[in-house]
1. Which numbered condition trips up A:R83, out of (1) among the charged types (D, E, K, R); (2) part of a loop (DSSP other than H, G, I, E, B); (3) touching a Leu at 6+ places or on another chain (Cβ under 7 Å)?
2. Inside the range A:105-122, can you point out the residues that are more than 9 Å from every other protein chain (Cβ to nearest Cβ) and surrounded by 14 or more Cβ atoms within 10 Å (Cβ to Cβ)?
3. Out of the residues in the range B:154-211 meeting the condition of being of a type in the set (F, W, Y) and touching a residue at least 12 places away in the same chain (Cβ under 8 Å), tell me which one is nearest to B:Y107 (Cα to Cα).
4. Take the residues of the range A:123-136 that are open to solvent by 80 Å² or more (accessible area, probe 1.4 Å) and either of a type in the set (D, E) or assigned to a strand (DSSP E or B) (or both): which is nearest to the other protein chains (Cβ to nearest Cβ)?
5. Within the range B:182-197, identify whether any single residue is away from chain A (no Cβ under 14 Å) and surrounded by 22 or more Cβ atoms within 10 Å (Cβ to Cβ), and answer yes or no.
6. Could you tell me which of the residues B:M85, B:M32 is part of a helix (DSSP H, G or I) and within 25 Å of B:L126 (Cβ to Cβ)?
7. Quick one: would you say A:I90 is in contact with a Lys or Arg (Cβ under 7 Å, 6 or more places away or on another chain), among the β-branched types (V, I, T) and part of a loop (DSSP other than H, G, I, E, B)?
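The values are calculated or read from the model by the stated rules, or taken from the named source; none is laboratory data. This one's a predicted model, so the numbers in the text were calculated from it and none came from an experiment. Please note: Cβ atoms are built from the backbone with ideal geometry, for glycine as well, and neighbour counts cover all protein chains shown. Surface areas here come from the heavy atoms of the whole protein model, side chains and all, with no ligands, DNA or RNA. Shrake-Rupley method; radii C 1.70, N 1.55, O 1.52, S 1.80 Å.
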Amino acid sequence: MSTVLETRGLNKRFGAVIAAADIAIAIGPQEVVGIIGANGAGKTTFINMVTGYLKPDSGAILYRDREITALGPRAVTRLGIHRSFQIPQIFPELSVFDNLLVALGIAAETGITFWRPLRTPALTERAEEILERYRIDEYRDQAVGVLPQGARKLLDIAMAMVGAPTVLLLDEPTSGISADEKMAMMDTIMAVLAAAEVTVLFVEHDMEVVARYARRVAAFADGAIIADGDPDTVLGDSEVRTTVVGPELHRRG
Amino acid sequence: MGGGGRTIPALLVTLAVLLAVHPMLPGWAVNMVGLSLANGLAVLGLLVIMRAGLVSFGHGLYFGLGSYGAAMAATFLGVTDAFLMIAIGMASAALVAFVLGFLMARYRGIFFALLNLAFSMLLYGLLVNSAVLGSTDGFSMPIPSYLGYAPVDATSRVSFLLYALICVLAFAAALVVHRYLQSTMGYIGEGIRENEVRVEYLGASVRRAIHIKYVIAAAITGLGGVLTVLLIGHVTPEDTVYWTKSGELVFVAILSGTGSVAAPFLGSMLFELVRTYALQYAPDLWQMLLGATLLAVIMFLPGGLWSVVRLARRKA
């Protein structure tokens, strides 16, 4: 099987803390990988390294067999690896619609314009489509800063999806969302991502969400991957149950 | 970005009115309108970077480079054409901004503001110590010609030609900046002000965008400097690059608000009016009046005077 994203022996330390220990994972096209692990297990560090925000101390990151370890966020984004954030990274004073327009304008094939208005009929239409697809059209003209967390999360992901990435990394897409809204939100997200044929890695604390949406699960502990495979096997693994699943249940209670 | 569609027609009408009323205006009023528009241009330059969340406390640097660039070309290089002076003044400002931009684009907030101040003080020091440029007294420049035509009535510096030129250039600059702010690069400025991380993760370079905005801002502020020196015919370091001039530009920018390209001109006009009358009738209260105005704007109109216009429009 060809790989889209691969890491080889990634290591990262912050002082005495080992945030990544020899992480090796190969992900094929259109896989949906759930990343689980207790707080501090190195999940976000992994995402930050893959998307160029952090440089690993050693190891390599490959995208379609091309090494991208040294690239920064912008270059990684341009290649087709996009991400969303645990805390949505959006433009709080702009409306939902304008947030999407900016994203569309930057990703547009015409390049970044200086004279032609951003608000063209073509981009406006695409923004409207996105609003509907992510079910956030009711917030169209509201400033993003005042939106409910769920809508902000969806917008963050919608903006990451503008520009048609090959790989999308979601950092805790359902954090801060009430338990009864989580599944509906994930349904919306996963339907869009499946239709777009994107390879997905998502960090998630809720094991029900992981079991329902992941086709493969990688469990992190102390910066290392301790189990990697199909969800039933990984979630049933005794080490995973004690280091990840158990504490998560405790955390939820 | 509401009301953007009405900006261009409104600016066109204003331009027509300004040109039409010229014969009816007394000399001092013509002068004042010209100076306000030239100063408004300088503030318009500042608006370009302020929309990206950056304030420069040293934009007098570019105002001065425009003024000195044009005046030196006229006095020392024998340039007589006003259009050539404008090109030289704007190019001087833009070129220096292009070089300094590599450094400026790395800084934000107070560091960006004060780094600009630092460079403006360096230029001030250079000018003050330059005997050939008249040191603190500055120097005068000859009355320019316009594409070979030299105004015969040289008794008044401010011929209709110069007045019209300033009006048209102010209009043109406002139009260009308006279009620019509506473009993707313009919107990226809003993005940078709101969240740089997202801009980078959308695939755009924040530094490059700031650099570009910085050069555009400098060129427009430089244009304001050139037109001011064409009006006054004399240039001094204190009226151009000194920190009080930079402070005045920031003051007017905050007074005006950054909501529209028309705001800087409106604010400048008001500022010039109040300054003229206050200096005449209450010279001792002038500074206090400025302070009180700024206080009132910050507390009650954080969007500047432009928010009053916007409010009136919404009610209409």
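1. (2)
2. Matches in the range A:105-122: A:T120 only.
3. Here the residue is B:Y180.
4. Of everything passing the filter in the range A:123-136, A:E125 is nearest to the other protein chains (Cβ to nearest Cβ).
5. No, the range B:182-197 contains no residue that is away from chain A (no Cβ under 14 Å) and surrounded by 22 or more Cβ atoms within 10 Å (Cβ to Cβ).
6. B:M85
7. Yes.
Conditions tested, residue by residue: (1) over 30 Å from A:R241 (Cβ atoms); (2) of a type outside the set (A, V, I, L, M); (3) more than 9 Å from chain B (Cβ to nearest Cβ); (4) open to solvent by less than 10 Å² (accessible area, probe 1.4 Å).
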{"residue": "A:T45", "(1), (2), (3), (4)": "no, yes, yes, no"}
{"residue": "A:N48", "(1), (2), (3), (4)": "no, yes, yes, no"}
{"residue": "A:L62", "(1), (2), (3), (4)": "yes, no, yes, no"}
{"residue": "A:L94", "(1), (2), (3), (4)": "yes, no, no, yes"}
